[in-house]
Every structure is written in C-alpha cells, then in structure tokens.
Amino acid sequence: MAYHQNLPITEWAVEDRPREKLLKKGMPSLSEAELLALLIRTGSPRESAVELARRILKDVGHNLNEMGKLTLHDLQQYKGIGEAKAIAIAAALELGKRRKLAAIRDRRQIRSSNDVFELFHPTMEDLPHEEFWILCLNRANKIIEKVKISQGGTSGTVTDVKIILKHAIDRRASGLIMCHNHPSGNIKPSKADISITGKLKNAAGYFDIQLLDHLIIGEQKYYSFADEGTL
C-alpha cells in the first residue's frame, strides 16, 4: 500500500482505502494496521486512522497479545481514540479470544498438556493478577467442568487443597488438572507451586482421583509438571 503521510483516507487512491480494499480483495489482504483502522474509523486532523493504528501497533511492538493488555484508559491516551472507539477495539480483541475458546470447547477431551494450554491461555495471557483453576475430568479425560478456585495479586494466590477436592468429589471426577498463571511471564515453578502440587496429588489419591498435571501459564509458553517428570 502506498504511504499517505497526513492525508485523510478519503483523499487516498480508492484501491488503498482499507474498506474498499477489503471489499475488492477480501479480509486477508488487509494489514493489522488497516484492520485496526476500520475499527477506529476516523483519525485526527494530523493523522489518518491508519497512521494512528500504525502508531498504536508500534507502541506494543506489533504484538496483538500485548495490545490485548491495554486498558480502555490506555487506549484513550491516543489522540483520536475516545471511549466509544476504545470499547470497540477492546470488544474486537475479546471476540478474537472467544473465537479461540469456541474452537477448543468443541474438543472436550484432554489428550496433552498443549490441550490444557490452549484452553486456558486465551483468558490468562493478559491477566495482571494470578488466578488458579482446575479441570475436573471423567475416566475418558473428558472435561466435566472448568472451575476457578482463587484469584490473587501479581505475585501469588491462596490455594486450598480441601476446596479443590470438594469440587472434584462433588463432580465425581476421576482426574484433575491444576492450572495457574504467572503474570511476570516466568514459568519456573515456585516452592509454593511444588508444595501444593505434591499435597494435592497425595490427598486426591485417597479418593481415587488422579492428579494428571499442573500447568503454569506464561506468555505464549507454559510449564507442565507431567511433561517435565516432576509430578
């Protein structure tokens, strides 16, 4: 696409305008900046919607996962982005996450640690705090229920073995998988992570419930106790 410094989009060549380009060539033909510009719609007297979109993407390192972490307040710091536009951008990013989750929910059986990662990562990747979840599974490793156990701060959350076991017993689970995130992005298990894993494995065994794995979710990566042989 030709670069149109400070020209409003209405003065661009028709084939370069994002909306017209989409209609003529289809959605895949648009760059991320052009897609974002369609949500922004109008820029400011000093820059077009596409130029504003480029600037926002540059500030997040052209990383849509980082962009998903921007709050409504963060987005409104850009001249030309008001509350309505900020909400539209945030809603579009949330729809993208939910689309990922919808595809994963169709595959209800857990076959690997990566299945667990794909299930939790879309909702955990942008969290500024720590959350602890469990998956209750039947004997075929099909998901009975996904349960949030606790939510904490940036450095940890309190997890109670008794609460986890109650959820598992009430749902007649045969297997359990633990999962929590590290907002720092560091996926190395802490002493507390190792301790709670051992306690739950031992306690669950008394009720014939198998702890199958414990995942620590970071940014685009994870640590699996089962895969690492530390379970």
Residues that are under 16 Å from the mean Cα position of the chain (by Cα), at least 2 per element: which helices (runs of 4 or more DSSP H) completely within the stretch 113-211 meet that? 113-124
When every residue in the stretch 37-50 that is under 16 Å from Leu75 (Cβ atoms) and in a helix (DSSP H, G or I) is compared, the one nearest to the chain's Cα centre (by Cα) is Leu39
Kindly indicate which of Glu51, Glu47, Glu34 is modelled with pLDDT under 85 and either in contact with a Ser or Thr (Cβ under 7 Å, 6 or more places away or on another chain) or outside the structural domain of Leu211 (by TED's automatic domain parsing) (or both). Glu47
Taking the stretch 189-222, which residues are closer than 17 Å to Ser112 by Cα and surrounded by 20 or more Cβ atoms within 10 Å (Cβ to Cβ)? Leu211, Leu212, Asp213, His214, Leu215, Ile216, Ile217, Tyr222
Looking at Gly175, is it assigned by TED's automatic domain parsing to the domain that holds Glu125 and surrounded by fewer than 21 Cβ atoms within 10 Å (Cβ to Cβ)? no
Please indicate, with yes or no, whether at least one residue in the stretch 54-69 is surrounded by 18 or more Cβ atoms within 10 Å (Cβ to Cβ), modelled with pLDDT of 90 or more, hydrophobic (A, V, I, L, M, F, W, C) and closer than 22 Å to Glu34 by Cα. yes
Counted residues in the stretch 145-160 being exposed (fewer than 15 other Cβ atoms within 10 Å of the Cβ), modelled with pLDDT of 80 or more and not basic (Lys, Arg) come to 3
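The values are calculated or read from the model by the stated rules, or taken from the named source; none is laboratory data. Here the structure is a predicted model, which means the values were calculated and not measured. Cβ atoms come from the backbone with ideal geometry, glycine included; neighbour counts cover every protein chain shown.
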